[in-house]
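To start, the structure itself, in structure tokens.
The values are calculated or read from the model by the stated rules, or taken from the named source; none is laboratory data. In this text the structure is predicted, and so the values were computed from the model without any measurement. Backbone-built Cβ (ideal geometry, glycine too); neighbour counts: all protein chains shown. These area figures cover heavy atoms from the full protein model, side chains too; ligands, DNA and RNA do not enter into them. Shrake-Rupley method; radii C 1.70, N 1.55, O 1.52, S 1.80 Å.
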Amino acid sequence: MELDITGAKIYFTLPIDLPILGQLRISETMVVSWIVMILITGVCIWLTHDLKVENISKRQALAEMIVEKANNFVVGNMGEKFRYMIPFVAALFVTSVVSNLISLIGLRSPTADLSTEAAWAVVVFIMITAQKIKTGGVGGYLKGFTTPIAIMTPFNVLSELATPVSMACRHFGNILSGVVINGLIYGALALASSALFGLLPGVLGDVLSKIPFLDVGIPAILSVYFDWFSGVMQAFIFCMLTVMYIANAAEEG
């Protein structure tokens, strides 16, 4: 494991060139994604062990509140018949949130890699297509591409394929932009700090100009938006689009 210092922010760069099974390689995104899954699994085990019917603990109360929120979100937006979707949507939301926020401990967010969102979007697209076929049958699904007139078929196909692309790129673009902007802010503040304290005369200016004082505190304020608010909001939007697309697919045909 190596340290990569960008401005005054430290990122842990994980090994990305470990060959396995021929050409298959382990990327940093894969490693951090497994770390995210291990963290989520550990928290779930901690929240759900030693459950009671009466005199429940605060830990169990928190677990029940999370489950209730997930139930209300899915059933409220999709209907009672989609109750089976609750575990999938909840897992998708938590994975997205933790992946977005893991950059706060120095690891590069897996969602800053388009392949992560692309994989999620492909899974959602398959579920949307399966729901459309379940509702209207294969014939009804294919016929939908010819509406309102047959000449619109190529455009309808492109519109169908644009769904996973737009979902993936929207999430990826917002997370990556936050990473880039934070990096630029750290770099700019480090240069400003060097220029400001470099005005001091003698050895004092030489020493203090090498310490990025302005990188302390100011980026933390901006992180409230770029890491916390934006990270949680993008996870919510991705899940909302997922439930709405699938619910709409059930109404077609």
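Under the condition of being modelled with pLDDT of 90 or more and either open to solvent by 90 Å² or more (accessible area, probe 1.4 Å) or of a type in the set (A, V, I, L, M, F, W, C) (or both), the residues counted in segment 65-81 number 10. So, in segment 86-123, of the ones that are over 26 Å from Met65 (Cα atoms), of a type in the set (Val, Ile, Thr) and over 12 Å from the mean Cα position of the chain (by Cα), which residue ends up most open to solvent (accessible area, probe 1.4 Å)? Filtering segment 86-123 for residues that are over 26 Å from Met65 (Cα atoms), of a type in the set (Val, Ile, Thr) and over 12 Å from the mean Cα position of the chain (by Cα), the one most open to solvent (accessible area, probe 1.4 Å) comes out as Ile105. Cβ-Cβ distances below 8 Å connect the following pairs, each with a first residue in segment 156-173 that is under 15 Å from Cys239 (Cα atoms) and open to solvent by less than 50 Å² (accessible area, probe 1.4 Å), a second residue that is assigned to a helix (DSSP H, G or I) and among the charged types (D, E, K, R), and a separation of six or more residues or different chains: Met167/Glu117; Ala168/Glu117; His171/Glu117; Phe172/Glu117. With the structure loaded, tell me whether Ser57 is open to solvent by less than 70 Å² (accessible area, probe 1.4 Å), more than 23 Å from Trp228 (Cβ to Cβ) and out of contact with any strand residue (DSSP E or B) (no Cβ under 6 Å at 6 or more places or on another chain) or whether it fails that test. Yes.
Among the residues of segment 243-250, is there at least one that is touching a helix residue (DSSP H, G or I) at 6+ places or on another chain (Cβ under 8 Å), at pLDDT below 80 and either closer than 20 Å to Phe93 by Cβ or not in a helix (DSSP H, G or I) (or both)?
No - not one qualifying residue is present in segment 243-250.
Of the residues making up segment 190-209, none is assigned to a helix (DSSP H, G or I), touching a residue at least 24 places away in the same chain (Cβ under 8 Å), at negative phi and surrounded by fewer than 17 Cβ atoms within 10 Å (Cβ to Cβ).
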